[in-house]
Amino acid sequence: MSSFLIVSILFFSALLSGIAVFFVKRDNTQLLKLVLSFSGAYLFAITVLHLIPEVYHSSDTPGEIIGLYILGGFLFQLVLEHFSQGIEHGHIHHQSEGHSHQAFPIAILISLCLHAFLEGFPLASGHRNELVFGIAIHHIPASFALGSLLIGTKLKKQTIILFIAVFAAMTPLGFFTSKGISAGEIGNISQYFDKIMAVVIGIFLHISTTILFESGSADHHTFNKKKMVAVLLGVLVSMANFLFEGHDHTHHHGPSHETEEPHHHEEHDHDHHDHEH
């Protein structure tokens, strides 16, 4: 998948979902909860199947240190959530406390943008086509929740769309920043890339597990049938990508072995010729 297509999917999925708040009733959130359940299960499975094994196998950093950074990312997301009020989980805040307009949520916007920026980092590590769709789906309810929060402020419609666009641009910006780091174009930060990835993995683990526990029925600890189907579908789709990648990898490994064979044969003939002389 090209960088242009990755950026387009990430940007427009968040932008259009945020703008949709002007046209869709915010009271009916059942569909959003099912989308959340699917994206939470998908992100969790992708993190377990792809990101965690890769950061442990491809890193020279001891596994215990990587584990500490993953734990740090998990706790860091906990701090971000304190300021964002759970909007990245699709929590929609209704103005039901007698206030006609809310104050501009600057802390929520900053923490949400930081979260979205860090989510773009794994996309530059290897083939991450499947993760692009996971993040894009995850941003649909998050952006809708942000739009519903901003629409309750005194901001003009154009300003609300501008802030939604800023949020939508954060993950593509994280993607390009990550590409620069992994290619060694941004100073000497590339030596810390595995640690940055570990922090992002911790964030993904927090986000996905929180979504799975909170979305769905009124009782957050009860799995209703629709949610269960959405969760299983998310896991199965991620498994399909995992199996397809594995098959593609073994297929790709074959030709490299074939190219080594003629080279070895040619070297043998050359040695034999020298011996006869």
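Readers should treat all values here as calculations from the given coordinates under stated rules, not as data from a laboratory. Keep in mind it's a predicted model, so treat the numbers as computed, not measured. When we count neighbours, we look across all protein chains shown, and the Cβ atoms used for this are built from the backbone with ideal geometry, even at glycine.
Taking R0 as 22 Å, what FRET efficiency do you get between Lys226 and Val24 from their Cβ-Cβ distance, rounded to the nearest 0.05? Display every interim value, and only then the final one.
Numbers: r = 19 Å, r/R0 = 0.88.
Between Lys226 and Val24 the formula returns 0.70.
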What does the charge count around Leu68 come to, taking other residues whose C-beta lies under 15 Å from its C-beta (Lys +1, Arg +1, Asp -1, Glu -1)? -1
Env charge @ Ser59, Cβ radius under 15 Å, K,R +1 / D,E -1, value -3
How many nm separate the modelled label positions at Tyr192 and Leu236, each set 7 Å beyond the Cα in the direction of the Cβ? 4.3
Just order 226-239, 111-124, 41-54 by mean Cβ neighbour count inside 10 Å, highest at the front, would you? 111-124, 41-54, 226-239
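Report the extension gain between Leu75 and Phe213 in nm, rounded to one decimal, defined as 0.36 nm multiplied by the number of residues separating them, less their alpha carbon distance. Present the calculation step by step, with values, prior to reporting the outcome.
Numbers: separation 138, 0.36 × 138 = 49.68 nm, distance 1.73 nm.
Here the answer is 48.0 nm.
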